[in-house]
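Here the structure comes first, spelled out in structure tokens, and everything after it is commentary.
None of the figures in this text is laboratory data; all of them are computed from the coordinates on show. Since the structure is predicted, the reported quantities are computational estimates derived from the model, not experimental observations. Note: ideal-geometry Cβ built from the backbone for every residue, glycine included; neighbour counts use all protein chains shown.
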Amino acid sequence: DRNDIEKEGIKYIKLQCKGHGECPTTENTETFIRLCERFNERNPPELIGVHCTHGFNRTGFLICAFLVEKMDWSIEAAVATFAQARPPGIYKGDYLKELFRRYGDIEEAPPPPLLPDWCFEDDEDEDEDEDGKKESEPGSSASFGKRRKERLKLGAIFLEGVTVKGVTQVTTQPKLGEVQQKCHQFCGWEGSGFPGAQPVSMDKQNIKLLEQKPYKVSWKADGTRYMMLIDGTNEVFMIDRDNSVFHVSNLEFPFRKDLRIHLSNTLLDGEMIIDRVNGQAVPRYLIYDIIKFNAQPVGDCD
């Protein structure tokens, strides 16, 4: 939030860079270098903070350009030093090739490192539209455009510290994507990631948010947050806040009016807790809310 930065006496400058995978242009780079050079001349002991959506590709590109043009570094040393300071460094191959095209030999551009596990290809476009004019508000959903690729967190753990029989992580397509997309659809969520509500702590700073959005008040959750998708026999899934999906093979939800029919198109919100029964740990799922029940939009009802 720009206001949070400026109230600390920090000057905030946003450079408009085009999204959709484009590197900073020559004009962007010249503007960045000129701003940094002018600031250093006027404020020699002060620091400059540089950050893009995640602080890797555009940030690394501009910092490396500054090191080469103003500090007389080689592009090889600049790229390697940035990667050491902020692993894994610049991870987009076209950014690396463009740096070496401008400041060295494009044939000597290193291959991009492996993508971080949180990264998906459209990440860097998150804070801008096609004209590079707008950054998204904190807490807002992504634009209602094309659906973005979901991250896959391998080795996700279901309910830390307790072994729950019959629960396995879903890592293969198309099932993983089908479950994630159905949860998004039921919640009316057009962004990426976990579609459930996220907690906002109530303090003097955040109370003003009540004027901006129709927040709801709930009990404090002491367990582990999960949504549950019930989509037919042996089609029960739990989704955690990392948007990891787990298949639960030993749960059944027969329809009350006809026990031969299994519930489907049902999405629940709740949390897993650990109860102690006769000294043994017993996991339980506490249902807090119903988003869809047999395809009926219960969550939209008053």
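A few notes on this one:
- Here the scattering of segment 2-108 is modelled by Debye summation over its C-alpha atoms, one equal scatterer each and no solvent; at q = 0.14 Å⁻¹ the log10 of I(q)/I(0) is -0.57.
- Cβ-defined net charge surrounding Ile10, 11 Å radius [Lys, Arg +1; Asp, Glu -1]: -1
- Distance between the pseudo-spin-label points of Glu69 and Lys257 (7 Å out from Cα toward the beta carbon): 6.9 nm.
- Paired Rg and Dmax values of segment 167-300, which use every Cα atom, in angstrom: 16.4, 53
- Qualifying chymotrypsin sites (Phe, Trp or Tyr not before Pro) in segment 1-42, DSSP loop, other Cβ atoms within 10 Å at most 16: Tyr12
- DSSP-loop GluC sites (Glu not before Pro) across segment 13-91, with at most 14 other Cβ within 10 angstrom: Glu46
- Mean separation of Cα contacts under 8 Å, 6 or more apart, over the residue count of segment 152-302: relative contact order %: 22 percent
- Given Lys11/Lys92; Lys182/Lys208; Lys7/Lys204; Lys175/Lys213; Lys165/Lys216, the pairs whose alpha carbons are separated by over 23 Å: Lys11/Lys92; Lys182/Lys208; Lys175/Lys213; Lys165/Lys216
- Alpha-carbon centroid distance for the pair segment 14-85 / segment 259-302, whole angstrom: 49 Å
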